[in-house]
Amino acid sequence: MNFAQTLMSQDPTEVQDLLDEVGHKNVVRVTKHTAQKSANSAYTSYKKTYDEMFGGAVAQLPSLLKIDQLRIAKGKRPYFLDAAIRRINGGELMSVSFNLRTNAGIDLVALQLGGTATTTTADYLAVSNNTTAPNATHTSATVPWSSAQATDAAASTTTGEYTALGVARAQATYAHTTAVANYTQTKTFTASGTITSLQVAGLFGGTAARVTQTSASAATNILFVENTFTATSMVTSDQLTLTWTINI
């Protein structure tokens, strides 16, 4: 998920109460060490700590963003993004995690940038509730992407890619800021029925075959990146937004 764009694209007034709350908690800690000579001529060190509040301190979105970026890099849940999303649209942050670029995805990038490109962009997003861990060797010819899941089923190592219920593979929306070393592909799915424990996503490129699950050809329906997220169940009209951030 591109939490940077989520925070920075918002009107700060929409999260003003969050900024005010954080601003009022700004504290500077000052520690003073004082050496004093005792009666036996030895020096003893004394420490005094002061916690000072900054009166009228104002938190800024870039500062909150930097804190969350550092936390995510350490594998921890962000502090402020979840609160910001709730204030902006009433949504809930499910997870933020790092992508796994597959071996086929590495080859796709090399071909697109340095070879004679016979493929097209990686811009179709698919989801599944398969519980198999992402692996660099995965392709469109391996589970879960090699089979269609047209009805809901309990999460397992055998379920396939959802092809119905409002979460079938679909084209994502591309976004890139000039001179910034990443881009995003975003898709919002709206459930048309009950869906159990969605938890893995794949981003596909290749040829026209990438548009649907039906082609299991690893050469034309190329799994670029794969990732898991917090298991998320849905009912009719629930929405799930997935944003892939790809560093360049």
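Just so you know, all these numbers are worked out from the coordinates, no wet-lab data involved. The structure presented is a predicted model; accordingly, all values stated were derived computationally and were not measured. Neighbour counts are summed over all protein chains in view; Cβ atoms, including those assigned to glycine, are modelled from backbone coordinates with ideal geometry.
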Self-check item: Distance cut-off 28 Å, percentage of C-alpha pairs in region 100-247 lying past it
Solution: 14 percent
Quiz prompt | Neighbour-count order for TYR183, TYR124, TYR162, fewest beta carbons within 10 angstrom listed first | solution = TYR183, TYR124, TYR162
Exercise. Can you put GLU226, GLU161 in order of Cβ neighbours within 10 angstrom, beginning with the fewest?
Key: GLU226, GLU161
